[in-house]
Amino acid sequence: MPNTKSAKKALRQNITNRARNLARKKQIRTTTKEYKTVLGEGSAEVASQKLSLVYKALDKAAKTGAIAKNKASRLKAKAARLGARS
């Protein structure tokens, strides 16, 4: 347990930031899964809408530091390739 006042504040910030980062990562996973299921069904219009939601979630996570910028770029390219195949 932290002893100093600044260490206690750092712990509080760590807990808050961890919860926020985990929520952002979960949002990425859920939107990606929804996108993959829509691709399996074959609806191109709905798939393009879901792809934009995947992009939005990845960009937001990279902007806030939940994931690295290059990882977001890599995952966006992977999602685009999945859509091009279907």
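The values are calculated or read from the model by the stated rules, or taken from the named source; none is laboratory data. Here the structure is a predicted model, which is why all the values come from computation and not from measurement. Cβ coordinates were reconstructed from backbone atoms using ideal geometry, including for glycine residues, and neighbour counts include every protein chain displayed.
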| Hits in the stretch 1-11 (condition: surrounded by 11 or more Cβ atoms within 10 Å (Cβ to Cβ) and of a type in the set (D, E, K, R)) | K8, K9
| task | Go through the stretch 35-72 and count every residue that is surrounded by 19 or more Cβ atoms within 10 Å (Cβ to Cβ) and either without any contact (Cβ under 8 Å) to a residue 24 or more places away in the chain or assigned to a helix (DSSP H, G or I) (or both). | result | 12
| message | Take the conditions part of a loop (DSSP other than H, G, I, E, B), at pLDDT 95 or above, surrounded by 13 or more Cβ atoms within 10 Å (Cβ to Cβ) and in contact with a Leu (Cβ under 8 Å, 6 or more places away or on another chain) and apply them to I28. Does it pass? | response | no
